[in-house]
Amino acid sequence: MGKKILLEHINVPGIKSLDVYRQNGGYASVEKALKTMAPDVIVEEVKKSGLRGRGGAGFPTGMKWSFLAKPEGVERYLVVNADESEPGTFKDRYLMEKIPHILLEGMITSSFALGAKTSCIYIRGEYFYVSRILEAAIEEAYAAGLLGKNILGTNFSHDIFVQVGAGAYICGEETALLESLEGKRGNPRIKPPFPAVAGLYGCPTVVNNVETIASVPYIVMNGGDDYAKIGIGRSTGTKLISASGHINKPGVYEIEMGITVEDFIYSEEYCGGILNGKKLKAVVAGGSSVPILPAELILRTEKGEPRLMSYESLSDGGFATGTMLGSGGFMVYDETTSIVKNLYTFARFYHHESCGQCSPCREGTGWMEKILHRIVEGHGKHGDTDLLWDIQRKIEGNTICPLGDAAAWPVASAIRHFRAEFEEYINHPERIKEFKHLQELVS
Amino acid sequence: MSKEIKFNEETIALVNKIIKRYPEGKQKSALLPVLHIAQAEFDGWLSPETMEYVASLLRIKPVEVFEVASFYSMYNLKPVGKCILEVCRTSSCWSRGSEDIIKHLEKKLGIKVGETSKDGMFTIKSVECLGSCGGAPMLQCGASFHENLTLDKLDNIVENYRVEGKRKSYTDQDFKNTL
């Protein structure tokens with residue numbers, strides 16, 4: 001069993017409640033931080049921990065915090081990104097639903113470090129029921145003096161509220177999220193200025209993912225150096241992996257970074273192997289945006305070394321033969337899966353979710369969906385594969401926010417590694433029914 | 001649709017409580033939450049009258065409400081059934097059989113995706129990833145997530161909603177989830 005930080009107490013009955021959470025050491029970091037630590041010291045510990053943003057980008061959290069502008073007399077905000085909309089990702093929902101206080105504890109401690117009087121959880125609208133769970137937890141925390149004025153008798157006062165979105169993947173992008181929080185369409189802003197300088201209502205703002213903030217209590221309690229010892233290399237700590245697709249045990253797993261991908265897929269502790277004893281065909285390791293890899297490249301790098309669950313190992317080989325850890329949305333596909341049809345579901349997703357602000361993304365995602373649709377329906381034209389390649393290249397890097405890249409990469413990687421399958425669809429439409437994916441539903 | 005577009009006192013108090021979260025003059029931040037409430041109260045969709053009412057409550061222009069309401073997928077700009085069966089169709093749900101779920105629903109209810117049953121009870125909607133990939137295939141109805149669907153389970157879910165006969169909203173306090 002690997003080290004557990006976030007899910008250590010997940011199976012304790014009643015852990016959702018404040019009392020049980022505190023009986024298991026909960027909120028100790030608030031006590032320690034507010035009473036014995038200076039805000040800058042906490043920021044230093046987070047820097048030392050090597051903690052990286054768990055939403056997908058993997059940017060060092062301590063560095064992000066140290067960028068926060070601190071002009072006199074201006075409010076600062078901490079906004080927790082609980083928009084979790086990257087296909088294949090459901091870890092934050094699990095964490096917030098099962099153990100909501102770990103997020104609140106992290107928010108109070110982090111807000112103290114950042115000097116934020118108010119913080120907010122922006123949660124995707126579809127998770128409305130989770131917002132109820134969070135609100136109940138917030139109410140408990142107020143009643144216990146862990147929120148509100150003079151927390152635990154100190155000079156630090158803090159308020160937390162939950163803001164519910166309304167269905168838009170783009171609001172996971174931090175500036176779109178801030179626009180949405182201000183009651184507008186989720187159109188990403190041009191950067192700079194970065195939110196650390198001009199974020200919510202033009203005030204300095206830190207936006208962090210749920211899992212990132214939930215990791216802060218451990219760092220405050222045990223020190224950044226201790227956290228940095230967990231994991232491997234620059235991939236410090238643990239990571240929540242959302243495992244789904246053709247595996248025996250879909251679910252959320254906390255892994256110590258550095259375990260092998262093979263172990264993660266096949267061991268009983270994690271995914272438990274491929275469903276129905278079938279063979280592994282491909283994996284999307286970090287949410288729909290990251291490149292898909294065929295079995296041989298996800299299990300071993302091009303150099304033949306075992307691929308590890310870490311930022312560095314998953315990206316070994318660049319986009320030619322590697323991928324990314326991303327959000328940890330780990331989707332597994334067995335040998336019967338049509339890569340082309342699967343890609344079509346991604347292309348449809350990105351077209352649906354493009355905010356429409358930048359023409360390469362707005363138009364390009366639509367073209368890619370349309371072309372893939374005709375291919376999967378047996379009407380693909382000669383040259384369509386090259387056309388798709390050409391479109392994705394022209395989207396990548398040419399948009400305000402990373403949604404364009406996110407839409408391009410799955411297309412590029414599917415063609416790079418499975419080009420023959422596209423040609424098979426185009427040249428032999430009569431064989432498409434053989435690819436048709438039929439999952440036997442247990443009735 | 002003869003109902004007057006106006007919140008009762010309790011709801012007005014809730015709206016005011018939401019507005020208080022934000023700094024003075026930033027009441028527009030309440031737009032998304034208030035639209036959710038309005039949709040739940042006024043027959044599950046946002047009519048032009050409803051949007052104008054919300055604009056007046058938040059002291060913003062109606063067009064500011066419309067541009068937001070038309071951007072986010074959870075707001076309905078047309079009348080819908082009491083229960084919207086929102087079936088996820090993205091990768092993991094697709095790979096675990098969401099197409100079969102949709103086909104079964106279409107056959108069972110005699111309507112296509114995007115349509116509402118004649119009795120006004122059900123609308124079928126296909127939606128993008130709902131963050132429930134570990135419970136694929138899944139559907140959402142109101143605040144509830146129904147995961148690890150089989151055709152049998154699906155029949156039961158639909159029958160239960162039919163018997164209950166109530167409108168389901170995201171804002172419902174009661175919810176089921178199978179996580």
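Take peptides B:13-20, A:197-204 and line them up by average Cβ neighbours within 10 Å, highest first, as a rough protection proxy. Mind dumping the intermediate values first?
Values: B:13-20: 14.8, A:197-204: 19.9.
Ranking the peptides B:13-20, A:197-204 by packing returns A:197-204, B:13-20.
At a temperature of 20 °C and a viscosity of 1.002 mPa s, determine how fast the protein assembly as shown diffuses translationally according to Stokes-Einstein, using the Kirkwood radius over alpha-carbon pairs as Rh; express D in µm²/s, rounded to the nearest whole number.
Details: Rh = 24.9 Å.
Here the translational diffusion coefficient equals 86 µm²/s.
Considering only lysines 8 or more places apart in sequence, or on different chains, count the pairs in segment A:300-417 whose C-alpha atoms sit under 21 Å apart. Mind dumping the intermediate values first?
Numbers: A:341/A:370; A:341/A:381; A:370/A:381; A:370/A:394; A:381/A:394.
Eligible lysine pairs with Cα atoms under 21 Å apart amount to 5.
Close amide H partners of residue A:267, meaning residues 5 or more places away or on another chain with modelled amide H under 5 Å apart, are A:272, A:273. Measuring max minus min along each principal axis, the C-alpha atoms of segment B:1-45 give extents of 36, 19, 12 Å (largest first). In sequence order, segment B:166-175 has phi-based couplings of 9, 6, 10, 10, 4, 7, 3, 6, 8, 8 Hz under the Karplus curve 6.51 cos²θ - 1.76 cosθ + 1.60, θ = phi - 60°, and Gly or Pro positions carry x.
Rounded to the nearest whole Å³, what is the per residue volume of the convex hull around the Cα atoms of segment B:9-71? If you can, show how the numbers build up before the last one.
Working: hull volume 4.9 nm³, N = 63.
Taking only Cα atoms, segment B:9-71 has a hull volume of 78 Å³ per residue.
If you average the sequence gap of Cα pairs under 8 Å that are 6 or more apart and divide by the length of segment B:9-71, what percent do you get for the contact order? Could you put the intermediate results ahead of the total?
Working: 40 pairs, mean separation 15.9, N = 63.
It comes to 25 percent, rounded to a whole number.
Inverting the pair-averaged 1/r between distinct Cα atoms of segment B:83-164 gives 12.4 Å as its Kirkwood hydrodynamic radius.
Residues whose amide H comes within less than 5 Å of that of residue A:292, counting only those at least five positions distant or on another chain, are A:413, A:414 (H built at 1.01 Å from N in the peptide plane).
Quick one: helix A:403-427 against the long Cα principal axis of chain A, what's the angle to the nearest 10°, folded into 0 to 90? Roughly 20 degrees, rounded to the nearest 10.
Here's how it looks for residue B:129: its modeled amide H is under 5 Å from those of B:89, B:90, which are all 5 or more places away or on a different chain. Packing, as the average of other Cβ atoms within 10 Å across residues, places the peptides A:242-254, A:348-360 in the order A:242-254, A:348-360, highest first. Per-residue mean of foreign Cβ neighbours for A:164-173 is 5 (Cβ atoms of other chains, 10 Å radius). Here's the list of aspartates and glutamates a cross-link from residue A:191 could span, going by alpha-carbon distance under 18 Å and ignoring same-chain residues fewer than 8 apart: A:173, A:174, A:179, A:182, A:396, A:405.
Taking 22 Å as the cut-off for C-alpha to C-alpha distance, list the pairs among A:4/A:64; A:98/A:278; A:16/A:91; B:6/B:118; A:98/A:149; A:32/B:20 that go past it.
Details: A:4/A:64 25 Å; A:98/A:278 32 Å; A:16/A:91 16 Å; B:6/B:118 28 Å; A:98/A:149 27 Å; A:32/B:20 31 Å.
With Cα atoms farther than 22 Å apart: A:4/A:64; A:98/A:278; B:6/B:118; A:98/A:149; A:32/B:20.
Summarise the partner chain shielding of B:132-142 as one whole number: the mean count of Cβ atoms from other chains within 10 Å of each residue's Cβ. All intermediate terms of the calculation are to be shown ahead of the outcome.
Numbers: counts 6, 14, 15, 4, 6, 2, 0, 0, 3, 0, 2.
Shielding by partners across B:132-142 averages 5.
The heavy atoms of residue A:85 present about 10 square angstrom of accessible area, all protein chains included, probe 1.4 Å. Straight-line reach from residue B:125: taking Cα to Cα under 13 Å and skipping same-chain neighbours fewer than 8 places apart, the aspartates and glutamates in range are B:86, B:99, B:106, B:115. Against the criterion of solvent-accessible heavy-atom surface with a 1.4 angstrom probe, A:399, B:90 sort, most first, into A:399, B:90. A straight Cα-to-Cα reach below 22 Å connects residue B:26 with the lysines A:70, A:117, A:184, B:17, B:61, residues fewer than 8 places away in its own chain not being considered.
Applying 1/(1 + (r/R0)^6) with R0 = 51 Å to the Cβ-Cβ distance of residue B:26 and residue A:279 gives a FRET efficiency near 0.40. Buried area at the B:A interface is about 4800 square angstrom, summed over both chains, from accessible surfaces computed with a 1.4 angstrom probe. Site-free segments of chain B were taken between GluC sites (Glu not before Pro) in DSSP loops having at most 13 other Cβ atoms within 10 Å, sites themselves excluded; the longest one is B:25-179.
Per-residue ellipticity at 222 nm from helix content only, as computed over chain B with -39500 (n - 2.57) for each DSSP H run of at least four residues, stands at -12000 deg cm²/dmol. The angle between the Cα long axis of helix B:98-109 and the main principal axis of chain B comes to about 80°, on a 0 to 90 degree scale. Of all beta bridges that DSSP places with both ends in the protein assembly as shown, some 50 percent have antiparallel geometry.
Of the residues making up segment B:47-85, those losing 30 Å² or more of accessible area when the isolated chain is joined by the remaining protein chains, with a 1.4 Å probe, are B:67, B:71, B:72, B:73, B:74.
Report note on the peptides A:331-338, A:385-392, A:423-430: ranked by the mean count of other C-beta atoms within 10 Å, highest first, their order is A:331-338, A:385-392, A:423-430. For the pair residue A:262 and residue A:72 in one chain, pulling the backbone fully straight at 0.36 nm per residue adds 63.2 nm over the alpha carbon distance. Which angle from 0 to 90°, rounded to the nearest 10, does the C-alpha axis of helix A:128-143 make with the longest principal axis of chain A? So the inclination is approximately 10 degrees.
Heavy-atom accessible area for residue A:215, with the other protein chains in place and a 1.4 Å probe, reaches approximately 0 Å². Counted over segment B:83-164, the DSSP beta bridges are approximately 50% antiparallel. Ellipticity at 222 nm from helices only: DSSP H runs of n ≥ 4 in chain A, each -39500 (n - 2.57), divided by the residue count, give -12500 deg cm²/dmol.
Return the average number of partner chain Cβ atoms within 10 angstrom of each residue Cβ along peptide A:83-96.
4
Sequentially through segment A:244-256, phi angles give Karplus couplings (6.51, -1.76, 1.60; θ = phi - 60°) of 8, x, 7, 10, 6, 10, x, x, 9, 10, 8, 10, 7 Hz, Gly and Pro residues having no value and appearing as x.
The values are calculated or read from the model by the stated rules, or taken from the named source; none is laboratory data. Keep in mind it's a predicted model, so treat the numbers as computed, not measured. Methodologically, a virtual Cβ is constructed for each residue, glycine included, from the backbone with ideal geometry; neighbour enumeration extends over all protein chains shown. Keep in mind that these areas ignore ligands, DNA and RNA; they rest on the heavy atoms of the full protein, side chains included. Shrake-Rupley method; radii C 1.70, N 1.55, O 1.52, S 1.80 Å.
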